[in-house]
1. Exactly one of (1) more than 22 Å from Thr518 (Cβ to Cβ); (2) in contact with a Gly (Cβ under 9 Å, 6 or more places away or on another chain) is unmet by Gly429. Its number?
2. Please determine whether any residue of the range 120-132 is farther than 24 Å from Phe388 by Cβ, free of Cβ contacts under 8 Å to residues at least 60 places away in the same chain and in a helix (DSSP H, G or I).
3. Go through the residues of the range 440-457 one by one and say whether even a single one is at pLDDT 85 or above, in contact with a Ser or Thr (Cβ under 7 Å, 6 or more places away or on another chain), assigned by TED's automatic domain parsing to the domain that holds Lys64 and buried (at least 21 other Cβ atoms within 10 Å of the Cβ).
4. Here are some residues: Ala433, Ala424, Ala344. Which one is without any contact (Cβ under 8 Å) to a residue 12 or more places away in the chain and within 24 Å of the chain's Cα centre (by Cα)?
5. Given the criterion under 29 Å from Lys541 (Cα atoms) and either at pLDDT 95 or above or in a helix (DSSP H, G or I) (or both), identify the matching residue among Glu171, Glu153, Glu165.
6. Of everything in the range 100-115, what is surrounded by fewer than 24 Cβ atoms within 10 Å (Cβ to Cβ) and of a type in the set (A, V, I, L, M, F, W, C)? Give them in sequence order.
7. Among the candidates Ala36, Ala41, which residue alone is farther than 19 Å from Leu225 by Cα and buried (at least 24 other Cβ atoms within 10 Å of the Cβ)?
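The values are calculated or read from the model by the stated rules, or taken from the named source; none is laboratory data. Note that the coordinates shown come from a computational prediction; the quantities given were computed from them, not determined experimentally. Ideal geometry is used to build each Cβ from the backbone, glycine not excepted, and the neighbour counts take in all protein chains shown.
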Amino acid sequence: TAARGPPPWRRNFSQLVVVCSMTAIVGATLQLNKLAVLDGAGREFAQTSYGSKTAFLVPYALFKAACNLLVGGLADRHGRKSIALAGSLVGLVPPVMVLAASGKGGDGEGWPAFVGSAAFLGVHQGVTWTCCVLITMDLCGPNARGLASGLSETVGYTFIAIFAEAYGALERKSVTCAWDPADVPTSECLEASRGKCDTPDDWVAECTGQCVCVGYAVAPFALQLALAAVGVGVAAAALRESRQAPSRAAADSDNATELSARVPRDDRSSRDARKLLAAAKTGAFVELEALEADDDALLERDASGEMSAEKENDFEASSDTRDFRAERLSVSFAHATWGNRALAVVCVAGFCANFETGMAWGLLASWSRDGLGIGGARRDAFMASYSFLKGFSQLAAGIFSDRVGRRWPMSVGLLGGAASLLLAAFGAGYDGAYLSSETRGDTEEHALDARFANLMASGVLLGLFTGLMYPVLAAAAADHAPGGALAGTVGTVRFWRDLGYAMGMPVAAIADASRPETALIFVACVMAAAGALVAVAYVEKHPHRA
């Protein structure tokens, strides 16, 4: 038996460093953007409701989800590098939009630019991060999909956590606050703020439009622009193509026997694709393994396992193959959404995972600072702990799922996340009514400290449990992907997952209509139901266990 060589990730280590640097930039720009929008909403642009403060999540989610759906097929057809570069270029647009509108603050005129920039942020995130996940999977090989997905998510969310603190430092240095000379503060405002309007932490909701802070549209977005420019440079100069290319030898061969054998095979695959698409539209659960051997036979790699430089741009295929890929893209969406029970369950789990994430990014981040009054530094620490634990746990979770399968990491992650939200609602909310008298102490400050401690605990647990399931979604999608449709299937699952971000605004509307704690309890119930669904309905198909 021939000795086994090093695993693919070791052979491709230098490219893993490159793609991880791109993922880090994606995470950093996301954090800078969303925290500046959340904090600037009330302080600079006079937005009063949780719904309006989180409005940016809707265009972000819709465009990111749509790009996730499309980018898989595009990356399969045109290669990973060109699509990743296109996504990186789009990342320049959001900071340019906001910087161009800077200075239109207190009267709310600049707010549409903030919300509109979220659409381009969604395109940037959907295209670039999804491509980074696919490239990492290519580089790590099929036996380490959990490792690949976990590595990508860990790097991204670790830098989201780091840049929560970086954003806080920028805010303290560059944002200035003062009373609006054209608007006399009300007695309610003066009482709530204790007559202070010197820093962003002095601002309270009762002083909206009276205590005005400016600078949210400048420093965070200037840094975001610089990072996005670095991302473009890395994608253009250092990233290499990782997609498996059609065999040049097969394409160039003039052997009539080989060509005649290839045409019926493609015709047969195309007919199978059409039959399976029709079956998927009826709602029947179908499997596409019959196509896997045929499609995989079209692919080859160098003996080293790494794409050679000469093949990086070799993606020319016959028209028959292109037609087949177009049909396969349609099959991937139908198959993953309702044609395969396990993938349908993964789509539901992903939607609920980012239902929670959208709530954490929007309502929780805004409520903790503007509702609980814990201050910017504490809020940033809470967000950093959530994001860091979510990122830090994902690498281990991905490797763990490669060993034990996908079902229980997904199910336990959802159920644990539900419990974490209940801790936030009852431990930090309801004005401390559910705290014991000993925990509350004898002063308002002691009670706030106790509520903040519970909020931090919920953030840590929420990050850990979300990190347990997050990378497993892509790995589970890859396990069930038909041959040659890995990117399309992963893209479909990520489409439904990221559509969940849009629920951040309706959840905030629930908070406006009742109170934030009610919204947290509602999301917890949804996550618990999804966790139970995964436990009973997901069909394990994990092919490689170490």
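1. (1)
2. yes
3. Checked the range 440-457: at least one residue is at pLDDT 85 or above, in contact with a Ser or Thr (Cβ under 7 Å, 6 or more places away or on another chain), assigned by TED's automatic domain parsing to the domain that holds Lys64 and buried (at least 21 other Cβ atoms within 10 Å of the Cβ).
4. Ala344
5. Answer to the check: Glu153.
6. Initial filter on the range 100-115 (surrounded by fewer than 24 Cβ atoms within 10 Å (Cβ to Cβ)): 100-113, 115.
Within the range 100-115, Ala100, Ala101, Trp111, Ala113, Val115 qualify.
7. Going through Ala36, Ala41 in turn, the sole match is Ala41.
Yes/no per residue for (1) outside any loop (DSSP other than H, G, I, E, B); (2) crowded, with 24+ Cβ neighbours inside 10 Å:
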position	(1), (2)
Arg4	no, no
Trp9	yes, no
Val19	yes, yes
Ile25	yes, yes
Ala46	no, no
Cys67	yes, yes
Gly87	yes, yes
Val98	yes, yes
Ser117	yes, yes
